[in-house]
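The values are calculated or read from the model by the stated rules, or taken from the named source; none is laboratory data. Only a predicted model underlies this, so the values are computations on that prediction, with no experimental measurement involved. Here the Cβ positions follow ideal geometry from the backbone for every residue, glycine too, while neighbour counts run over all protein chains shown.
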Amino acid sequence: MQQARKKDSGSGFVAENLARAIHEHRLAPGMKLNEDEVGEIYGVSRTVVRAALQQLSHERLIDLRRNRGAFVAQPTVKEAREVFEARSLLEPRTAHSAAERITETDLANLQRHIDDEHAALQQGDTGRALHLSGLFHIEIARIADQDTIADFVAQLVSRSSLIIALYWQRRAALCESHAHDALLRALADHDGPLAEELMKNHLLDLLTSLDLRAISSAPQSLRDALQ
């Protein structure tokens with residue numbers, strides 16, 4: 001099925017798959033994305049690959065460097081601090097609003113995110129677990145029914161994925177944390193102040209799990225990362 005989709009895929013499909021590989025930390029910050037190799041992997045032309053890379057550049061997931069090519073973006077320490085500062089300003093209030101509007105269907109969707117996150121952890125797939133964790137935050141912003149803020153949160157969560165790939169030092173913290181479970185309970189109780197406080201503490205914990213002095217090295221094989 002995957003092979004069949006590759007042959008018919010356009011730039012949107014390629015961009016979506018590259019973005020997922022970045023969010024799941026299969027493509028590390030700083031890794032070069034060779035156009036010919038990406039095209040061969042997905043069975044598409046260089047024109048399609050270039051369009052996909054241009055899209056991801058607009059989303060700030062990759063850097064296009066003149067005469068050098070495309071590389072997975074590497075947020076600086078300054079950017080890392082700014083991203084989490086912005087999240088700490090937006091997401092606690094968003095969680096408060098979500099608690100006031102959440103429905104049973106919304107709760108079920110959030111619970112599914114948590115269940116899938118736990119399943120990924122049990123399978124040792126930390127990258128996928130982190131990607132699902134980010135989707136959990138984006139879903140809360142959607143439930144709050146604040147579209148402009150939800151768009152900002154989605155962009156910040158996307159940048160956070162790169163930051164975590166570069167600077168995360170406490171990988172065990174993901175397994176130990178029950179922050180999402182506690183948030184879900186507060187949302188289910190329609191307790192806006194508690195949801196706001198829990199989100200604030202959760203984001204602070206994420207920030208303190210980063211070592212903003214260290215940078216990890218990128219994996220060597222693009223093909224291994226994408227297949």
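Could you identify the single residue in L53, L61 that is under 26 Å from S11 (Cα atoms), among the aliphatic types (A, V, I, L, M) and in contact with an Asp or Glu (Cβ under 8 Å, 6 or more places away or on another chain)? Don't jump to the end; show me each part of the working.
Details: L61 fails: in contact with an Asp or Glu (Cβ under 8 Å, 6 or more places away or on another chain).
Within the list L53, L61, the selection yields L53.
Okay, residues lined up against (1) crowded, with 17+ Cβ neighbours inside 10 Å; (2) closer than 16 Å to H202 by Cα; (3) out of contact with any helix residue (DSSP H, G or I) (no Cβ under 9 Å at 6 or more places or on another chain):
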{"position": "S97", "(1), (2), (3)": "yes, no, no"}
{"position": "R101", "(1), (2), (3)": "no, no, no"}
{"position": "R128", "(1), (2), (3)": "yes, no, no"}
{"position": "A141", "(1), (2), (3)": "yes, yes, no"}
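Checking L121, L162 one by one, the residue that is at pLDDT below 95 and crowded, with 21+ Cβ neighbours inside 10 Å is L162 and no other. Would you say G69 is at positive phi and either among the charged types (D, E, K, R) or outside the structural domain of K32 (by TED's automatic domain parsing) (or both)? So G69 fails the test. As a summary of the residue check, T105 satisfies the conditions (1) surrounded by fewer than 21 Cβ atoms within 10 Å (Cβ to Cβ); (2) within 15 Å of the chain's Cα centre (by Cα) except for the one numbered (2).
I'd like the full set of residues that are assigned to a helix (DSSP H, G or I) and within 22 Å of H137 (Cβ to Cβ), limited to the stretch 39-76.
Step one: of the stretch 39-76, the residues assigned to a helix (DSSP H, G or I) are 39-42, 46-58.
Correct list: L56, H58.
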